[in-house]
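These notes are about the structure you will find just below.
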Amino acid sequence: MVPLVEIPRAKWPELRDLFRNGWPDGAVPFCFLDTQIAYPNLDEFCKVKVYSPDGDMTNGFVAVYNPSNTVEAYEVMIQPLQSIEKIEGALTDSKVIDWTRVLCVTSATPVVEECLRRREKQLGIHGNTEGNKAFKHFLDANSMPFELSNPPDTYVAELKPEHLHIIDETWTFHSDRSYKFFESLLRNHLTYVLYSTKEDHPLAWVTISWEGALTHLYCIEEHRRKGYAEYIIKCAVNDQLKKGKHVLGYTLVKNVKAQNLFDKLNFRRIGYDTWIDISKE
């Protein structure tokens, strides 16, 4: 049996830095850990715990978040450093993950997806990936910031609490749990909103997720084709670069328009990940 041993938060920077090798293939686990380290108060909401097979961080990690004893689904991130062999054995033997519950494996590489397919029968689970594949877009922390000037009659600010419901209800993955997700981003200063100076109403926005990726880029329908979405993403990128952060983004495979925008902004495409919804077979 290969146990999954919890890695204390004090060692997360060391674990994060192991993923610098083979850059930028390790960008997703790096940004995930870096965000959790930089914003420890996120733990109030997502309750992240990180484990490595045998406690050896060179095997990579399995992160579990939202593992409360409720009927809600929770999330698991699986990030091998080199070979997935040790993690695969640990997934089968460990009690850290409750496979009888509804859960989602986030940001799964093709290697991780193949691993779970091999273990479906043994674990008694089924993984659904339909419509959940997304391209990864990456901008290095050493990139040049954009030159910016606010569009007429607008200003940029963090999301205001009175507008939280708008951001939540317009999200593609809106659910009973998503309001708290965006509330956690608001409280940790991970939101960027272009506001109208006339109506003091949000026009476009983007957030940084628990995983450290640009999330929920959106523009109000009547204000589209004005460049507002591109502008607010540039604002978010500049702020992240100023903080010395790499910038990661995802686009669903069918969202060609968003993919073209990331290309235009000089993001590098670094493959794709899949979100795998796990249910008991």
Next on the checklist: Can you tell me the orientation of helix 178-187 relative to the chain, as the angle in degrees between its alpha-carbon axis and the longest Cα principal axis, to the nearest 10?
Outcome noted: 70
Item to check | ³J(HN,Hα) computed for each position of segment 222-231 - Karplus, 6.51 cos²θ - 1.76 cosθ + 1.60, integer Hz, glycine/proline x | outcome: 6, 10, 6, 6, 10, x, 5, 5, 4, 5
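Please compute the length gained on full extension between V256 and Q122, using 0.36 nm multiplied by the number of residues separating them and subtracting their Cα-Cα distance.
Details: separation 134, 0.36 × 134 = 48.24 nm, distance 3.76 nm.
Length gained between V256 and Q122: 44.5 nm.
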Checklist entry - Lys pairs in segment 141-245, Cα-Cα under 27 Å, at least 8 apart or on separate chains: how many? => result 17
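Rounded to the nearest 20 debye, what is the charge dipole size of segment 141-245 about its Cα centre when +1 sits on each Lys and Arg Cβ and -1 on each Asp and Glu Cβ? If you can, show how the numbers build up before the last one.
Details: 12 positive and 15 negative charges, 76 e Å.
For this selection, approximately 360 debye.
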Item to check | Sparsely packed GluC sites (Glu not before Pro) within segment 179-279, loop by DSSP, other Cβ within 10 Å at most 12 | outcome: E199
Checklist entry - Which value, in debye to the nearest 20, describes the size of the charge dipole of the chain about its Cα centre when Lys and Arg Cβ atoms bear +1, Asp and Glu Cβ atoms bear -1, and nothing else is charged? => result 440
Item to check | Eligible lysines near K11 by straight Cα distance, threshold 19 Å, same-chain separation 8 or greater | outcome: K47, K49
Checklist entry - Can you give the extra length, in nm with one decimal, that the chain gains between E162 and E222 once fully stretched, where that is 0.36 nm per residue apart less the Cα-Cα distance? => result 19.6 nm
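Can you work out the FRET efficiency for the pair D176 and K49, with r the C-beta to C-beta distance and R0 = 25 Å, to the nearest 0.05?
Details: r = 23 Å, r/R0 = 0.93.
So, using R0 = 25 Å, E works out to roughly 0.60.
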Item to check | Computed Kirkwood radius, in angstrom, where 1/r is averaged over Cα pairs of segment 30-164 | outcome: 17.7
Checklist entry - So what's the Cα pair-distance distribution over segment 141-245, bin width 5 Å, in %? => result 2, 13, 25, 25, 19, 12, 4, 0
Checklist entry - Between segment 221-255 and segment 139-192, what is the C-alpha centre distance in whole Å? => result 10
Checklist outcome for this item: Summing -39500 (n - 2.57) over every DSSP H run of at least 4 residues in the chain and dividing by its residue count gives a helix-only mean residue ellipticity at 222 nm, to the nearest 500 deg cm²/dmol, of -9000 deg cm²/dmol
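Considering only DSSP beta bridges with both partners in segment 194-249, what is the antiparallel share in %, to the nearest 5?
Working: 6 of 8 bridges.
Here the share of antiparallel DSSP bridges comes out near 75 percent.
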Item to check | Relative contact order [Cα under 8 Å, 6+ residues apart], the chain, whole percent | outcome: 24
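Test of understanding: what is the full-extension gain from R9 to T100, defined as 0.36 nm times their sequence separation minus their Cα-Cα distance?
On the way: separation 91, 0.36 × 91 = 32.76 nm, distance 2.73 nm.
Roughly 30.0 nm would be gained on extension.
Since every read-out is calculated from the coordinates, none of them should be taken as a lab result. Nothing here was measured: the structure is a model prediction, and the numbers come from that model. Cβ coordinates were reconstructed from backbone atoms using ideal geometry, including for glycine residues, and neighbour counts include every protein chain displayed.
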